Every structure is written in C-alpha cells, then in structure tokens.
Amino acid sequence: MSDEETGGSKVVRGLDFRWEGIPERRYKEEDGTFQGVLRQTLLGEGEGEAPLAFLTRYFEIEPGGFSTLERHGHPHAVVILRGSGHVVLGGETHPLVPHDCVYVAPETPHQFRADLGEPLGFLCIVDRDRDRPRPIRN
C-alpha cells in the first residue's frame, strides 16, 4: 500500500523492548537528579506524525536506577510493560508490575524507581505541547 492509501499510517516493529528505526536517547541532560534511564519516542516525532497531539514514549530504567523527582503542569498516562519497581506519587509510594497503569495528575510530584533488582520499562503518553518539568530538590 502507498502512503496515500494508508493515510501515513504505519507499524513500528518492536523486539525485546527496542523499536526498529527509533533512536535510543538519554532521558534528559545529565543533572544528577536521575540514574540509568533511556528513552525512545515511538510515535509523535516520526515523518508525517506532526499532526499528533501527543507523544508515545518508552522509558527503561536499569536496575537500581530512577527518574527525576519532579512536577509539571501536564498529565502523564503510563503503562508498565517490563519488570517491577515503584512510583512515588505525591507523598505515597506504590509498587509496579507489568500491565499496571499510572495516571500522574498535573503538579503531582512523581518519580519512577527500578529498585527491585530488574529493569523497569514503561510507555508514557504526554501532550506534544507541554511545560518543562521542575525538579524537586530534597
């Protein structure tokens, strides 16, 4: 089928929690607030995907790693795909296993941790246009 016939629709092939043709990137610029996190933007940045109002990203945190404890004005929808760990939401910590879903409401302090001896991999869907995260310093 041609792009005209599919309307630009496509399949991005995945294997072992990596996706064909999608570059692995650092989580963010090194600032000492996180450890062992990589990301891939699966949908929303590819050719012909500019009309999407959202980004679908995959994050993987290596064993012992963690994301930045931060807050921001936009929500997240998160689906755990691999491993186990914990999420901090506000003042509470919750265990995570595959298929758990997490809603991070605007301005809620949050952090993902691969603190159970295995990688923690998850999809994270956010608005394309969003504010910058603000780290919370302990």
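Nothing in this text is a laboratory measurement; each read-out follows from the coordinates by a stated rule. As the structure is a prediction and not an experimental result, all values here were calculated from the model. When we count neighbours, we look across all protein chains shown, and the Cβ atoms used for this are built from the backbone with ideal geometry, even at glycine.
With springs connecting C-alpha atoms under 10 Å apart, model the chain as a Gaussian network and identify which of ARG25, ARG82, ARG57 has the largest mean-square fluctuation. Sorting by GNM fluctuation, first place goes to ARG25. What the Cβ-Cβ distance of ALA53 and ASP131 gives, at R0 = 22 Å and to the nearest 0.05, is a FRET efficiency of 0.90.
Helical content alone sets the calculated 222 nm signal of the chain at -500 deg cm²/dmol, taking -39,500 (n - 2.57) per DSSP H segment of four or more residues and averaging over every residue.
The GluC sites (Glu not before Pro) of the range 31-131 meeting both criteria, a DSSP state outside H, G, I, E and B (loop) and at most 11 other C-beta atoms within 10 angstrom of the site's C-beta, are GLU47.
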